[in-house]
Amino acid sequence: MKSDQRPRVPPDPPTGGFTARRHETVRIHCRLACEDVARPAVLPFKVAEAADRSRELVERIGELSEAPEAVESRRGRWPLRPQDTVRRIGRLATGVLQRRPARGARDRWGDGMTHLPAPHPGLADGPVYLDYNATTPVDPRVAAAMLPHLTRFFGNPSSGHPYGARPRTALAQARAQVAALIGARPEGIVFTASGSEADLLALRGAVLACGNRRPHLVTQATEHPAVLASCRALERLHGARVTVLPVDGEGLVDPGALSDALGPDTVLVSVMAANNETGALQPIPELAARTHAHGALFHCDAAQAAGRIPLDVIGLGVDLLTVVGHKMYAPKGIAALWVRDGVRLEPVVYGGGQERGLRSGTENTALAVALGAAAQLAADELSDGAPSRIRALRDELHAHLADALPGRVHLNGPDLRRLPNTLNVGIDGTRGHEVLRAAPGIAAATGSACHSGTHTPSPVLTAMGQDPDRALGALRLTLGRWSTAQDVATAARVLVRAVPAVAGSRR
Ligand SMILES: Cc1ncc(COP(=O)(O)O)c(C=O)c1O
């Protein structure tokens, strides 16, 4: 072999993870499966075009390559692992390549890639953010995806002229991305302006479309107010009858109790996938199966679950499912209801017939694009092991607190059947809001409400049978995409320091 034909010996991967400059062409080294012979090949692409060309790129690599081996930029060459197949290269192509690693970011996987996103500008100077169940910061990649639809592509997606074309395609792509996150077909996705609106469309839509004079709804005690208040409104305004199922000490519904509650007039059962305060995961497939056996529809509010755990509407067996943008790194004001083919609903907004006639009004393309981009990032992250990373951090935080305050830290909600990011604990002798007041270094929640200086305990925890005193002790600590081991160490230190001061003042 002539020396100039010899493969270049690449430099050692620089520390800090894989990066490339925006105007650089990077190369994916792989083996092409061609007539049963695996030939080495190099597939180049421009980072600047990666976002637009990602689909094409992924398809091309998918068609051709058997085993991607390495990815190379001007800074060096990084090995890919055997499991780094098409999906992962797509992930690289759609954003990771454009990021610089955080200064000092560690290569947790030992593969030279930066799995953590760059620090979020919104979190840079504030307290440690542990309130991801309240809302999530908008991912800069999501903001970048939606921006052209605020600046350049202003057309109405329904317009027949060229200005409508790009918004129309973007809307279709966003629908497909959201659908892919939950294992659904794009036609089933109805964009709404909030999770509350998606829940209303499901509940009111099913009740008004059923034609019963006295429709019966079943829900459960720890649902979000978006569901519980909609049920009350349907009782008040539309003659519906509502059964609210109790939960056990961990916040879980007994499927047997659901079967007992179902009757001939039952139109719809609505049970959330994951609770916003405790992270409790309800047994949705079993509840949905029992509901269908009675011929009723099943709605699942997956606001907290979507993007945090894998969800599949077919596996769950649901008819309607709510997904919320601001819980998964998209902006507030965008959500979606998935509606199974064949389910009849009364529209929530009447007018020009957009969103299959269920939610009229000119579509907000930019926000739909944001939800689509967020869904794609979430899907990639789920397949890249994010839930295990978050769970490990959460459990580290729990262990720190339990070690420092032996016998005084009690978990609220299930230990195992729980969202990987959620830790709801009570600390003996303290009240949650007092601990948080004494711990300004963290931003977290309690679940209790404060009216004119009086704190009322969380309805979720009281529904789980906790007495008001214990429920007022709750701290909800929820982690997310930008949570780090450093955050966990800081939060544990700050909380443990806050407890004696608070407990002392309560004696
Ligand atoms: C479980 C659940 N459902 C519904 C909602 C309502 O979503 P939105 O704030 O978009 O109306 C939330 C938000 O906190 C939630 O946690």
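Nothing in this text is a laboratory measurement; each read-out follows from the coordinates by a stated rule. The model shown is predicted, which means the values in this text are computed figures rather than measured ones. Cβ atoms come from the backbone with ideal geometry, glycine included; neighbour counts cover every protein chain shown.
Annotations
- For the stretch 172-219 versus the stretch 234-258, the inter-centroid distance based on Cα atoms is 19 Å.
- Under 11 Å from the residue 497 label point (7 Å along Cα→beta-carbon), backbone N, the stretch 461-491: 490-491
- Along its first, second and third principal axes, ordered by size, the stretch 165-239 spans 44, 28, 21 Å in Cα coordinates.
- In this calculation the C-beta distance from residue 185 to residue 404 is compared with R0 = 45 Å, giving a FRET efficiency of 0.35.
- Residue 134/residue 312 FRET efficiency (R0 22 Å; Cβ-Cβ; nearest 0.05): 0.25
- Between residue 415 and residue 489, the FRET efficiency estimated from the beta carbon spacing at R0 = 22 angstrom works out to 0.45.
- Inter-site label distance for residue 360 and residue 456 at 7 Å from Cα along Cβ, in nm: 3.8
- Ranking of 185, 152 by count of other Cβ atoms within 10 Å, fewest first: 152, 185
- Under the simplified labelling scheme, the residue 229-residue 172 pair shows an inter-label distance of 3.8 nm, with each label point 7 Å from Cα along Cα→Cβ.
- Extension gain, residue 209 to residue 125: 0.36 nm times the residue separation minus the Cα-Cα distance gives 25.2 nm.
- Spin-label model distance (nm) - residue 350 vs residue 237, 7 Å beyond Cα toward Cβ: 1.3
- Arranged from fewest to most other beta-carbon atoms within 10 Å of their beta carbon, 355, 72 become 72, 355.
- Translational diffusion of the stretch 209-322, estimated by Stokes-Einstein from the Kirkwood radius over alpha carbon pairs at 25 °C in a medium of 0.890 mPa s, is 174 µm² per second.
- Centroid-to-centroid separation of the stretch 383-406 and the stretch 114-161 [C-alpha atoms, Å]: 26
- Descending by average beta-carbon neighbour count within 10 Å, the peptides 420-428, 461-469 line up as 420-428, 461-469, the highest first.
- The slack in the chain from residue 151 to residue 341, taken as 0.36 nm per residue of separation less the alpha-carbon distance, amounts to 64.9 nm.
- Relative intensity, log₁₀ I(q)/I(0), of the stretch 386-506 from a Debye sum that treats every alpha carbon as a point, q = 0.17, 0.23 Å⁻¹: -0.83, -1.47
- Other-chain or far-sequence residues with amide H under 5 Å of residue 242's (modelled H): 217
- With K and R counted +1 and D and E -1, the other residues having a Cβ less than 14 Å from that of residue 340 yield a net charge of -1.
- All-pairs Cα distance distribution in the stretch 280-338, expressed in whole percent, bin size 5 Å: 4, 19, 29, 22, 14, 9, 3, 1
- Kirkwood's formula applied to the C-alpha pairs of the stretch 377-431 gives a hydrodynamic radius of 12.4 angstrom.
- Here the scattering of the stretch 145-382 is modelled by Debye summation over its C-alpha atoms, one equal scatterer each and no solvent; at q = 0.11, 0.16 Å⁻¹ the log10 of I(q)/I(0) is -0.53, -1.08.
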